[in-house]
1. Of B:M71, B:M47, B:M24, B:M1, which residue is touching a Pro at 6+ places or on another chain (Cβ under 6 Å) and either of a type in the set (A, V, I, L, M, F, W, C) or modelled with pLDDT of 85 or more (or both)?
2. Take A:Y134 and tell me if it is within 14 Å of chain B (Cβ to nearest Cβ) and farther than 24 Å from A:G338 by Cβ.
3. Failed condition for A:V350, given (1) surrounded by fewer than 24 Cβ atoms within 10 Å (Cβ to Cβ); (2) without any contact (Cβ under 8 Å) to a residue 40 or more places away in the chain, with all others met?
4. Among the residues that make up segment A:127-143, is at least one of them farther than 29 Å from A:Y301 by Cα, surrounded by fewer than 15 Cβ atoms within 10 Å (Cβ to Cβ) and either among the hydrophobic types (A, V, I, L, M, F, W, C) or free of Cβ contacts under 8 Å to residues at least 24 places away in the same chain (or both)?
5. Sort through A:L90, A:L163 and tell me the only one that's more than 17 Å from A:I272 (Cα to Cα) and either of a type in the set (F, W, Y) or in contact with a helix residue (DSSP H, G or I) (Cβ under 6 Å, 6 or more places away or on another chain) (or both).
6. When you scan segment A:265-312, how many residues do you find that are basic (K, R) and under 14 Å from the mean Cα position of the chain (by Cα)?
7. Does at least one position in segment A:57-69 carry a residue that is within 29 Å of A:V229 (Cα to Cα) and buried (at least 21 other Cβ atoms within 10 Å of the Cβ)?
8. Within segment A:96-121, count every residue that is out of contact with any Gly (no Cβ under 9 Å at 6 or more places or on another chain) and in contact (Cβ under 8 Å) with a residue 12 or more places away in the chain.
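The values are calculated or read from the model by the stated rules, or taken from the named source; none is laboratory data. A quick note: this is a predicted structure, and the numbers were derived from the prediction, not measured. In this analysis, Cβ positions are derived from the backbone assuming ideal geometry, glycine residues included, and neighbour counts consider all displayed protein chains.
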Amino acid sequence: MEKGKISALQMAIMMYPTIVATAILGVPSITAKYAQNDLWLAPIFASFIGYVTVYIAYKLHKLYPKQSVIQFSEYIIGRFLGKILGFLYLFFYIQVTGEIIREYAEFIVDSFLVRTPISVIMASMAFLCAFIVYGGIEVIARAAQLFFPLFVFPILILIILVLPDFEFKNIFPILADGIWPPMKGAIVPGGWFTEFFMIIFLLPFIKDRKKGMKYGMITAFAVMMTLVVVNLVVLFVFGPATASKVYPLMNVARYISIAEFFEHFESVVMAIWIVGTFIKISVFYYVTALSTAQWLNLSDYRPIVWPIGILLVVFCFWSIPNTLEIERFNIGVFPLYGFIVQTIIPLLLVVMAVFRKRKSKETV
Amino acid sequence: MRWGVFVSTTIIVVLIILYEWPKMKQNPKKDKVAFFTLLLIGLVLSMFDLSHMAGPTTWLETLFKPFGEFMEK
């Protein structure tokens with residue numbers, strides 16, 4: 001099926017943009033809606049879901065080292081139920097990938113290419129990602145390695161450039177309404193942290209498998225730190241107005257104006273964001289293609305990469321008439337949906353697998 | 001039915017078949033069946049006015065309605 005091998009560090013480098021790319025753009029304002037000026041605390045609470053998910057994924061991986069969730073769920077809960085569960089994962093990843101491509105395209109159309117038909121943007125992204133997915137996991141890992149600095153350093157530079165506009169007093173009062181608002185604000189980023197479950201599809205291809213857990217945890221921590229920093233930056237610049245911006249980091253970039261000529265930094269934000277989403281969509285696309293092939297017991301996932309590309313673009317449109325619908329999905333469905341599919345069900349699988357192994361040991 | 005979308009999807013599907021077929025001739029029959037079935041599903045779905053049709057997103061929103069209401073408060 002997949003003969004490529006990656007290192008644990010490469011997995012971390014792939015996973016980081018996979019979570020952060022969309023989380024730094026729209027999520028701060030959603031969090032701000034619930035947590036007001038405590039929005040920077042929300043990712044810290046949310047990251048616990050990330051650590052738990054990484055731990056569960058690693059436990060499952062240790063029980064069935066060579067397989068992904070699609071394959072070993074058939075051993076744990078039986079062939080028939082396992083196939084149903086596999087289909088659930090398949091459907092989940094196809095739909096979520098479609099949603100991500102749509103989100104990406106809406107952002108581009110909204111902010112930059114106002115007159116370009118949205119289907120062109122989606123299809124070109126799907127086309128590009130299809131090539132990299134076709135190349136296999138090693139190609140995705142190398143591309144992620146190549147683009148990782150391009151993704152991280154501009155964010156750091158952006159923060160330094162925007163420093164003069166900081167209003168540090170925006171952070172006060174801390175926890176004015178108790179712990180509840182940032183807890184509720186953590187629900188939506190928590191949905192993003194559940195995506196760490198995708199390492200279950202990558203772990204079987206890792207060379208140094210003992211480090212899998214360590215690097216998963218490091219990635220979750222890095223994502224948390226990035227979100228905290230981004231939320232703080234947005235808060236320092238906008239204060240209570242954060243909730244009213246759709247893409248706050250974008251607006252922060254528009255603020256930069258140094259010596260009258262260093263302006264329009266938002267195009268840089270768009271560029272890094274495209275790089276990040278490119279990695280994100282590739283990883284999701286890869287997981288979708290691989291799990292479809294595993295679910296159907298195909299000999300290779302490559303023949304179905306292109307057909308799945310068409311399905312992904314179809315899912316970009318299906319029952320999503322406008323941007324509002326995506327936001328409603330991201331707030332009102334995805335946090336719980338992702339949590340159930342990517343954290344609760346795997347947790348149940350671990351419990352059942354452990355019991356099953358113990359039972360089979362006793363009988364032998 | 002929107003002919004423009006359908007025709008362009010058909011062209012893309014034909015291009016995919018032309019591109020992929022020579023490479024997968026050796027593959028087992030199952031791979032080929034999966035390949036064509038997935039293409040067919042995509043093609044059939046492209047015939048509908050998808051963005052105004054009930055679909056996965058609306059189903060899920062109905063399913064998670066209590067949670068959505070909780071988040072809206």
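1. Working: B:M71 fails: touching a Pro at 6+ places or on another chain (Cβ under 6 Å); B:M47 fails: touching a Pro at 6+ places or on another chain (Cβ under 6 Å); B:M1 fails: touching a Pro at 6+ places or on another chain (Cβ under 6 Å).
Answer to the selection: B:M24.
2. Numbers: within 14 Å of chain B (Cβ to nearest Cβ): yes; farther than 24 Å from A:G338 by Cβ: yes.
For A:Y134, the condition - within 14 Å of chain B (Cβ to nearest Cβ) and farther than 24 Å from A:G338 by Cβ - is met.
3. It is condition (2) that A:V350 fails.
4. Taking segment A:127-143 first, the residues farther than 29 Å from A:Y301 by Cα are none.
No, segment A:127-143 contains no residue that is farther than 29 Å from A:Y301 by Cα, surrounded by fewer than 15 Cβ atoms within 10 Å (Cβ to Cβ) and either among the hydrophobic types (A, V, I, L, M, F, W, C) or free of Cβ contacts under 8 Å to residues at least 24 places away in the same chain (or both).
5. Values: A:L163 fails: either of a type in the set (F, W, Y) or in contact with a helix residue (DSSP H, G or I) (Cβ under 6 Å, 6 or more places away or on another chain) (or both).
Exactly one residue qualifies, and that residue is A:L90.
6. Here is the first cut: in segment A:265-312, the residues basic (K, R) are A:280, A:302.
Still in the running and under 14 Å from the mean Cα position of the chain (by Cα): A:280.
Number of matching residues: 1.
7. Of the residues in segment A:57-69, the ones within 29 Å of A:V229 (Cα to Cα) are A:57-58.
Still in the running and buried (at least 21 other Cβ atoms within 10 Å of the Cβ): A:57.
Yes, segment A:57-69 contains at least one residue that is within 29 Å of A:V229 (Cα to Cα) and buried (at least 21 other Cβ atoms within 10 Å of the Cβ).
8. Residues of segment A:96-121 that are out of contact with any Gly (no Cβ under 9 Å at 6 or more places or on another chain), as a first pass: A:97-102, A:104-106, A:108-121.
Then drop every residue that is not in contact (Cβ under 8 Å) with a residue 12 or more places away in the chain, which leaves A:97-102, A:104-106, A:108-112, A:118-119, A:121.
Adding up the residues that qualify gives 17.
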